[in-house]
Amino acid sequence: MGMILRGDKQHDIAAWFGENQARIVEVEKGAFGNVTPAPEHELPPRGAPGPKGRRLRGYVRKAIQALDANDPAAARQALVDGLAAYDRNEA
């Protein structure tokens, strides 16, 4: 409900939970009773999870390459950058 109230796209919400988009409509219409919305600070970042995950994989690959090159600082930075990109809200 928190994501619905925030204005997230129904297909993005469904993808986050691995559910059919029809389940999101049912939640919105109250088919499962009165659902308390999660507070904003507990919601995942806005946007489709698929592209976010694909980009994050690139950062993880970069971190692994840095670890293989014995550069833990670069590996850590790649992971920090990847997490920041993943957590960015998108339309």
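Just so it is clear, none of the values below were taken in a lab; they were calculated from the coordinates. Since the model is a prediction, treat every value here as computed from it, not as a measurement. Please note: Cβ atoms are built from the backbone with ideal geometry, for glycine as well, and neighbour counts cover all protein chains shown.
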- Would you pick out the residues in the range 28-44 that are surrounded by 14 or more Cβ atoms within 10 Å (Cβ to Cβ) and either in contact with a Phe, Trp or Tyr (Cβ under 6 Å, 6 or more places away or on another chain) or under 22 Å from residue 82 (Cβ atoms) (or both)? 43, 44
- Selected residue (criterion: farthest from the chain's Cα centre (by Cα)) from residues of the range 65-90 that are exposed (fewer than 13 other Cβ atoms within 10 Å of the Cβ) and either on the phi > 0 side of the Ramachandran plot or part of a helix (DSSP H, G or I) (or both): 70
- Query: Are there any pairs, at least 6 apart or on different chains, whose C-beta atoms fall under 9 Å, with the first in the range 65-88 and in contact (Cβ under 8 Å) with a residue 24 or more places away in the chain and the second of a type in the set (Asp, Glu), and if so, which?
  - Reply: none
- Task: Looking only at the range 20-30, decide whether some residue is free of Cβ contacts under 8 Å to residues at least 60 places away in the same chain and on the phi > 0 side of the Ramachandran plot.
- Result: yes
- Query: Are any of the residues in the range 48-62 in contact with a Lys or Arg (Cβ under 7 Å, 6 or more places away or on another chain) and surrounded by 16 or more Cβ atoms within 10 Å (Cβ to Cβ)?
  - Reply: no
- Query: Somewhere in the range 9-32, is a residue assigned to a loop (DSSP other than H, G, I, E, B), closer than 18 Å to residue 89 by Cβ and not charged (D, E, K, R)?
  - Reply: no
- Top-ranked residue in the range 5-27 [being under 15 Å from residue 38 (Cα atoms) and surrounded by 16 or more Cβ atoms within 10 Å (Cβ to Cβ); ranked as nearest to the chain's Cα centre (by Cα)]: 16
- Task: State whether the residues of the range 66-87 include one that is in contact with a Gly (Cβ under 6 Å, 6 or more places away or on another chain) and not small (Gly, Ala, Ser).
- Result: no
